1. Distance from a point 7 Å along Cα→Cβ of Leu80 to each backbone N in the range 129-173: keep the residues under 20 Å and list them by number.
2. Place a point 7 Å from the Cα of Ser89 along the Cα-to-Cβ direction; which residues of the range 105-124 have their backbone N under 20 Å from it?
3. Please give me the summed charge of the neighbours of Val124: other residues whose Cβ is under 9 Å from its Cβ, Lys and Arg +1, Asp and Glu -1.
4. Cross-link partners among aspartates and glutamates for Lys101, C-alpha distance below 14 Å, same-chain residues fewer than 8 apart left out?
5. How much length is gained on full extension from Glu164 to Arg100, taking 0.36 nm per residue of separation minus their Cα-Cα distance?
6. Using Cα-Cα distances under 8 Å and only pairs 6 or more residues apart, what relative contact order does the range 1-110 have, in percent?
7. Summarise the long-distance tail of P(r) for the range 1-53 by giving the % of C-alpha pairs beyond 16 Å.
8. Write down, largest first, the equivalent ellipsoid semi-axes of the chain in whole Å, where each equals the square root of 5 times an eigenvalue of the alpha-carbon gyration tensor.
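Just so you know, all these numbers are worked out from the coordinates, no wet-lab data involved. Nothing here was measured: the structure is a model prediction, and the numbers come from that model. Please note: Cβ atoms are built from the backbone with ideal geometry, for glycine as well, and neighbour counts cover all protein chains shown.
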Amino acid sequence: MQHVTVPQDRIGVVIGAGGETMREIEERANVRLDIDSESGSVSIEERDDPVAAMVAPDVIKAIGRGFKPETALSILDHDLRTLDLIDLSEHTRNDNDLQRKKGRIIGENGRTRELMEELSGANVVVYGSTVGAVGQPEELEVVRRAVGMLLDGAPHGAVYSYLERMSNELDDDVSFNAPQ
């Protein structure tokens, strides 16, 4: 049995309307969930498929870190698709610094975060003191590097150039590896 703690304001999303999201996670990951809505604790009990059950905690964590249930459930659809969390508190001195760096990552009207998603191919969410990304390993590496650049104070233009360059490389890799 595994346990994941979900922030209080995200428990309802894990459960879903009438328990719909919870049932879908249980069915697709072949697990049984026991959710304590008071504490935010989610117990995950494996049923038949140990591999799917290993991924279930990441699905719950992804929802807890601000992803839509559909995005979190997509982790179950692809063998290499995973959740990556970057803890911003490790890169900040205090709350003001955290807010400033979150603002740099999100960008004006969310534009920087959106560009990160569009150009990397990963889904990206900024929630609390974390940046979460769901995607393939190479997509997650691009997001991790772009976030690192922003945290280190790189100009947004340099980060956008990096993202565009990597997007072209990822596109070239896909077309190169595509069946003829």
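1. 133-146, 163-173
2. 105-106
3. Details: positive: Arg113; negative: Glu114, Glu117.
Result for the local shell: -1.
4. Once the sequence-local aspartates and glutamates are set aside, what remains near Lys101 is Asp87, Glu90, Asp152.
5. On the way: separation 64, 0.36 × 64 = 23.04 nm, distance 2.42 nm.
Extending this stretch completely gives an extra 20.6 nm.
6. Details: 134 pairs, mean separation 26.9, N = 110.
Contact order relative to length: 24 percent.
7. Numbers: 517 of 1378 pairs.
When every Cα pair of the range 1-53 is considered, 38 percent fall beyond 16 Å.
8. Details: eigenvalues 179, 98, 28 Å².
Result for the chain: semi-axes of 30, 22, 12 Å.
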